[in-house]
Amino acid sequence: MSDVVTRFAPSPTGHLHVGGARTALFNWALARQLGGRFLLRIEDTDQARSSADAVTGILADLAWLGIDWDEGPSFTTEDGRRLGGDPRDVGPFFQSERRDLYDAALARLIEADLAYPAFESGEELDALRKQAREEKRNFRYRRPADFDREAARARVEAGEPHVVRFRMPEAGVEVEDAILGPVAFGEDQVDDFVVRKRDGFPTYHLAVVVDDEAMGVTHVLRGQEHLNNTPRHKALQQALGFRVPIYAHLPVIFNADGSKMSKRDKDKAARVAVKEAMAVDEAAARAQLAPAVDAATLERWLGDKKSQLASETLAALASKLGGELPGIDVEDFRRGGYLPGVLVNFLALLGWSPGEKEADGRDLERFDAAYLAAHFDLPRIGKGNARFDRAKLLAFNQESLAELSPRSFQEEHASWLARYAPELAKQLPEDRSALFASAMQPRSRTLAEPTAADGPGAFALVEDHEIDLDEKAVAKFLRKGEPSGAALLAEFRDTLATLEPFAPEALEAAAGAFAEARGIGMGKIAQPLRVAVTGKAASPALGDTLAILGRDAVLARIDRCLAEIGTAAPTG
RNA sequence: GCUCCCUUCGUCUAGUGGCCUAGGACGCGGCCCUCUCAAGGCUGAAACACGGGUUCGACUCCCGUAGGGAGCGCCA
């Protein structure tokens with residue numbers, strides 16, 4: 001194993017976002033490619049926003065994607081693999097448990113007069129920032145020339161609230177970025193930033209630098225929003241005598257419309273959906289949503305555009321309204337029926353490309369995690385920001401689903417169903433679920449589609465009497481023609497009543513023979529039948545559609561349909 | 001406002017001075033297949049932000065302009 005160590009260091013404030021997932025993926029891939037280690041560290045120095053549930057969620061999201069960490073919090077995957085651990089004894093991996101390390105670094109800095117206490121209040125600083133802006137310059141805090149070390153120490157000892165600031169070198173800092181090249185920051189750009197908060201916790205800057213050193217991190221791949229932090233980190237590393245890791249700043253991922261991808265997008269979409277539903281019928285909408293969220297919370301959320309609801313609550317609201325939320329978190333895509341390998345593939349392409357051609361001259365762009373682990377490199381990471389194109393992701397997922405063996409598709413679908421729609425899983429009789437799966441496979445872009453209310457498999461998941469006959473389809477295929485579709489249907493019913501076996505090939509052959517005997521096209525009998533048993537003019541192949549339903553349901557639906565459209569079923 | 005970063009089809013990208021009549025993928029259009037919907041096959045439209053240099057030659061190098069993004073927190 002090489003000395004290379006990369007890391008992913010999320011703060012546990014919610015589910016893993018796709019942007020974070022890509023950062024994790026690239027760090028993972030680089031470690032694998034270089035034969036090093038990939039470690040996970042939880043940055044929970046913001047006590048107010050961190051939660052244990054979020055930690056578990058993030059670990060599960062990473063594990064599902066197949067991004068396994070060599071060191072970090074222990075976790076057992078669904079298939080029983082153990083991740084994490086501390087073979088080099090560099091833990092713990094929660095920053096909240098590493099405070100003595102930060103305190104020691106802080107003490108060294110203060111001792112060397114490289115850090116000092118500052119007593120300004122938030123309001124005072126705000127005023128200074130405002131003033132700087134009015135004077136069209138960048139606000140930067142610098143230690144006053146008349147700073148009195150002894151006096152400051154006395155105030156600290158007297159218990160006066162304060163932060164500790166790092167004395168940024170007066171000279172500018174140039175950082176070397178593996179993707180962007182050298183980036184120079186002028187001396188008027190960097191200031192004496194806070195390294196210890198009023199509550200005694202270190203800031204991100206201090207913690208990250210101390211931890212990366214202690215954990216032997218050699219490469220840091222992170223979002224480009226951190227580029228401006230790099231001079232601070234480098235200065236801190238130099239002040240503490242630490243090594244400077246290789247930095248690489250990744251382009252940012254945006255929504256298709258160019259806005260920044262954020263968790264708020266989900267609240268935004270849900271708020272629109274809720275308001276629309278209320279505009280139609282407010283009382284009904286409220287009643288519908290009541291089980292998902294209590295009235296007071298709903299009111300508050302609706303009133304404050306900046307407020308956010310928990311991911312789960314949002315998902316519940318959307319499902320009550322039959323809508324869909326934009327996928328932002330890894331979990332959203334899992335629930336949405338995406339394959340983890342597809343998400344990994346797609347995310348990898350957002351900012352990196354293999355630069356290889358397939359044998360037929362097309363660019364290589366479909367690859368798995370193993371390929372990434374073998375070929376990933378820093379120089380091929382792009383510099384420009386990328387937009388998250390859901391349509392392309394969907395197309396990738398559909399393609400991957402189609403490539404699965406029928407059996408694998410069935411298994412994937414079953415496990416998705418067990419996790420996200422267990423009540424629907426019961427409606428598919430064991431002996432027909434394979435048939436259902438194979439009919440759904442080429443018609444599904446996600447694992448969620450087969451059983452979606454308006455999906456290609458919906459006809460098989462409702463009771464016979466719940467079929468809504470589409471009026472247009474009925475008019476076109478049942479009422480029209482001479483003889484009418486209904487008449488042909490009534491005639492063909494008898495064949496169906498006794499046909500053996502009641503299986504796709506036999507059913508199609510019977511329909512074909514029926515049509516041929518009457519000198520009509522296959523469609524003349526197929527469409528009336530299809531409308532009668534599914535209510536719609538479109539469904540899987542006729543034989544599959546009928547076989548999935550089974551003889552009893554088919555006959556019941558035909559009878560009900562004929563009765564409903566007022567055509568007596570002549571026998572014989 | 002200040003500082004930093006970025007800029008090839010609508011989107012993701014290939015392209016490292018002549019291989020470019022700028023390639024691929026998604027999306028979009030057309031045709032074929034067909035009992036419907038899908039799937040599949042074939043096919044079409046679609047880009048080097050702009051202006052100056054450098055060079056025999058610029059998508060590729062340099063400068064400027066425009067546009068986009070990020071940061072300017074006792075958040076990470």
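The values are calculated or read from the model by the stated rules, or taken from the named source; none is laboratory data. It should be emphasised that the depicted structure is a prediction, and the values quoted were computed from it without experimental measurement. Cβ: placed from backbone, ideal geometry, glycine included. Neighbour counts: every protein chain shown.
Of the residues A:L404, A:L435, which single one is within 16 Å of RNA strand B (Cβ to nearest atom), without any contact (Cβ under 8 Å) to a residue 40 or more places away in the chain and in contact with an Asp or Glu (Cβ under 9 Å, 6 or more places away or on another chain)?
On the way: A:L435 fails: without any contact (Cβ under 8 Å) to a residue 40 or more places away in the chain.
Only one candidate passes the filter, namely A:L404.
If you check A:A487 against the conditions, is it hydrophobic (A, V, I, L, M, F, W, C) and under 38 Å from the mean Cα position of the chain (by Cα)?
Working: hydrophobic (A, V, I, L, M, F, W, C): yes; under 38 Å from the mean Cα position of the chain (by Cα): no.
Against the criterion (hydrophobic (A, V, I, L, M, F, W, C) and under 38 Å from the mean Cα position of the chain (by Cα)), A:A487 does not qualify.
Examine the range A:538-554 for a residue that is more than 8 Å from RNA strand B (Cβ to nearest atom) and within 17 Å of A:V474 (Cα to Cα), and state whether such a residue exists.
Step one: filter the range A:538-554 for residues more than 8 Å from RNA strand B (Cβ to nearest atom), giving A:546-554.
From what is left, the residues that are within 17 Å of A:V474 (Cα to Cα) are A:554.
Within the range A:538-554, one or more residues are more than 8 Å from RNA strand B (Cβ to nearest atom) and within 17 Å of A:V474 (Cα to Cα).
Go through (1) assigned to a loop (DSSP other than H, G, I, E, B); (2) more than 15 Å from RNA strand B (Cβ to nearest atom); (3) surrounded by 14 or more Cβ atoms within 10 Å (Cβ to Cβ) for A:E491 and report which single condition fails.
Failed condition: (1).
With respect to A:D44, is the statement that it is charged (D, E, K, R) and buried (at least 20 other Cβ atoms within 10 Å of the Cβ) true?
Working: charged (D, E, K, R): yes; buried (at least 20 other Cβ atoms within 10 Å of the Cβ): yes.
For A:D44, the condition - charged (D, E, K, R) and buried (at least 20 other Cβ atoms within 10 Å of the Cβ) - is met.
Got a sec? Which helices (runs of 4 or more DSSP H) wholly within the range A:1-117 have at least 1 residues that are away from RNA strand B (no atom under 16 Å from the Cβ) and of a type in the set (S, T, Y)?
Working: elements: A:18-33, A:52-65, A:99-111.
Qualifying helices (runs of 4 or more DSSP H): A:52-65.
Out of A:R99, A:R133, A:R149, report the one residue that is touching a Phe, Trp or Tyr at 6+ places or on another chain (Cβ under 8 Å) and surrounded by 14 or more Cβ atoms within 10 Å (Cβ to Cβ).
On the way: A:R133 fails: surrounded by 14 or more Cβ atoms within 10 Å (Cβ to Cβ); A:R149 fails: surrounded by 14 or more Cβ atoms within 10 Å (Cβ to Cβ).
Testing whether each residue is touching a Phe, Trp or Tyr at 6+ places or on another chain (Cβ under 8 Å) and surrounded by 14 or more Cβ atoms within 10 Å (Cβ to Cβ) leaves just A:R99.
Is it the case that some residue within the range A:496-503 is within 12 Å of RNA strand B (Cβ to nearest atom), at pLDDT 90 or above and crowded, with 19+ Cβ neighbours inside 10 Å? Break it down into steps so the answer makes sense when it comes.
Initially, the range A:496-503 is screened for residues within 12 Å of RNA strand B (Cβ to nearest atom), giving none.
The answer is no, given that none of the residues of the range A:496-503 is within 12 Å of RNA strand B (Cβ to nearest atom), at pLDDT 90 or above and crowded, with 19+ Cβ neighbours inside 10 Å.
Determine which member of the set A:Q410, A:Q427, A:Q398 is more than 30 Å from A:A248 (Cβ to Cβ) and in contact (Cβ under 8 Å) with a residue 40 or more places away in the chain.
Details: A:Q410 fails: in contact (Cβ under 8 Å) with a residue 40 or more places away in the chain; A:Q427 fails: in contact (Cβ under 8 Å) with a residue 40 or more places away in the chain.
Residue meeting the stated conditions: A:Q398.
Yes or no: the range A:113-123 includes at least one residue that is touching a helix residue (DSSP H, G or I) at 6+ places or on another chain (Cβ under 8 Å) and either among the polar types (S, T, N, Q) or within 30 Å of A:S51 (Cβ to Cβ) (or both).
No, the range A:113-123 contains no residue that is touching a helix residue (DSSP H, G or I) at 6+ places or on another chain (Cβ under 8 Å) and either among the polar types (S, T, N, Q) or within 30 Å of A:S51 (Cβ to Cβ) (or both).
For residues in the range A:67-122 being under 35 Å from the mean Cα position of the chain (by Cα) and aliphatic (A, V, I, L, M), which is nearest to A:W28 (Cα to Cα)? Explain how you work it out, then say what you get.
First, pick out the residues of the range A:67-122 that are under 35 Å from the mean Cα position of the chain (by Cα): A:67-99, A:101-102.
Next, only the ones that are aliphatic (A, V, I, L, M) stay: A:67, A:83, A:90, A:101.
Numbers: A:I67: 7, A:L83: 13, A:V90: 18, A:L101: 26 Å.
Filtering the range A:67-122 for residues that are under 35 Å from the mean Cα position of the chain (by Cα) and aliphatic (A, V, I, L, M), the one nearest to A:W28 (Cα to Cα) comes out as A:I67.
Do the conditions hold for A:L34, that is, is it at pLDDT 95 or above and either among the small types (G, A, S) or touching a strand residue (DSSP E or B) at 6+ places or on another chain (Cβ under 6 Å) (or both)? Give the derivation first.
Values: at pLDDT 95 or above: yes; either among the small types (G, A, S) or touching a strand residue (DSSP E or B) at 6+ places or on another chain (Cβ under 6 Å) (or both): no.
The answer is no for A:L34.
Within the bounds of the range A:201-212, is there any residue that is under 26 Å from A:D377 (Cβ atoms), touching a residue at least 40 places away in the same chain (Cβ under 8 Å) and among the polar types (S, T, N, Q)?
Among the residues of the range A:201-212, not one is under 26 Å from A:D377 (Cβ atoms), touching a residue at least 40 places away in the same chain (Cβ under 8 Å) and among the polar types (S, T, N, Q), which makes the answer no.
Could we say that A:V173 is surrounded by 16 or more Cβ atoms within 10 Å (Cβ to Cβ), under 30 Å from A:F38 (Cα atoms) and at pLDDT 95 or above here?
On the way: surrounded by 16 or more Cβ atoms within 10 Å (Cβ to Cβ): yes; under 30 Å from A:F38 (Cα atoms): yes; at pLDDT 95 or above: no.
It is false that A:V173 is surrounded by 16 or more Cβ atoms within 10 Å (Cβ to Cβ), under 30 Å from A:F38 (Cα atoms) and at pLDDT 95 or above.
Restricting attention to the range A:340-382, and to residues there that are surrounded by fewer than 15 Cβ atoms within 10 Å (Cβ to Cβ) and on the phi > 0 side of the Ramachandran plot, which single residue is farthest from the chain's Cα centre (by Cα)?
Only one residue fits best here, namely A:G361.
If I ask for residues that are more than 8 Å from RNA strand B (Cβ to nearest atom) and not in a loop (DSSP other than H, G, I, E, B), which ones from the range A:372-392 would you list?
If the condition is that a residue be more than 8 Å from RNA strand B (Cβ to nearest atom) and not in a loop (DSSP other than H, G, I, E, B), then A:L372, A:A373, A:A374, A:H375, A:I381, A:R390 are the ones that fit.
Of the numbered conditions (1) surrounded by fewer than 20 Cβ atoms within 10 Å (Cβ to Cβ); (2) not in a loop (DSSP other than H, G, I, E, B), A:A537 fails exactly one; give the number of that condition.
So A:A537 meets the others, but not (2).
Give me the pairs: first residue in the range A:152-178 and under 14 Å from A:I110 (Cα atoms) and without any contact (Cβ under 8 Å) to a residue 40 or more places away in the chain, second residue near RNA strand B (Cβ under 10 Å from one of its atoms) and in a loop (DSSP other than H, G, I, E, B), beta-carbon distance under 7 Å, and six or more apart or on different chains, which are they?
A:V156/A:H162
For (1) under 18 Å from the mean Cα position of the chain (by Cα); (2) surrounded by 17 or more Cβ atoms within 10 Å (Cβ to Cβ), each residue gets a yes or a no:
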| position | (1), (2) |
| --- | --- |
| A:R387 | yes, no |
| A:A395 | yes, no |
| A:E399 | no, no |
| A:H413 | no, yes |
| A:L447 | yes, yes |
| A:G457 | no, yes |
| A:E463 | no, no |
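Assess whether A:F94 counts as being in contact (Cβ under 8 Å) with a residue 40 or more places away in the chain, under 30 Å from A:D148 (Cβ atoms) and of a type in the set (F, W, Y).
On the way: in contact (Cβ under 8 Å) with a residue 40 or more places away in the chain: yes; under 30 Å from A:D148 (Cβ atoms): no; of a type in the set (F, W, Y): yes.
Considered against the rule, which asks whether it is in contact (Cβ under 8 Å) with a residue 40 or more places away in the chain, under 30 Å from A:D148 (Cβ atoms) and of a type in the set (F, W, Y), A:F94 comes out as no.
Suppose we filter the range A:288-325 for residues that are polar (S, T, N, Q) and more than 24 Å from A:A453 (Cα to Cα); how many remain?
Narrowing the range A:288-325 to residues polar (S, T, N, Q): A:288, A:297, A:307-308, A:311, A:313, A:319.
If we keep only those that are more than 24 Å from A:A453 (Cα to Cα) as well, we get A:297, A:307-308.
So the count comes out to 3.
Out of everything in the range A:282-329 that is modelled with pLDDT of 80 or more, among the acidic types (D, E) and not in a helix (DSSP H, G or I), what residue ends up being surrounded by the most Cβ atoms within 10 Å (Cβ to Cβ)?
Filtering first and then ranking leaves A:D329.
Hey, can you tell me all the residues within the range A:240-273 that are of a type in the set (D, E, K, R) and near RNA strand B (Cβ under 9 Å from one of its atoms)? Quick ask: steps written out before the conclusion?
As a first pass, look at the range A:240-273 and keep what is of a type in the set (D, E, K, R): A:243, A:257, A:260, A:263-268, A:271.
Passing the criteria: only A:K260.
Considering only residues that are in contact (Cβ under 8 Å) with a residue 60 or more places away in the chain and among the small types (G, A, S), which ones fall in the range A:227-242?
A:A235, A:A239
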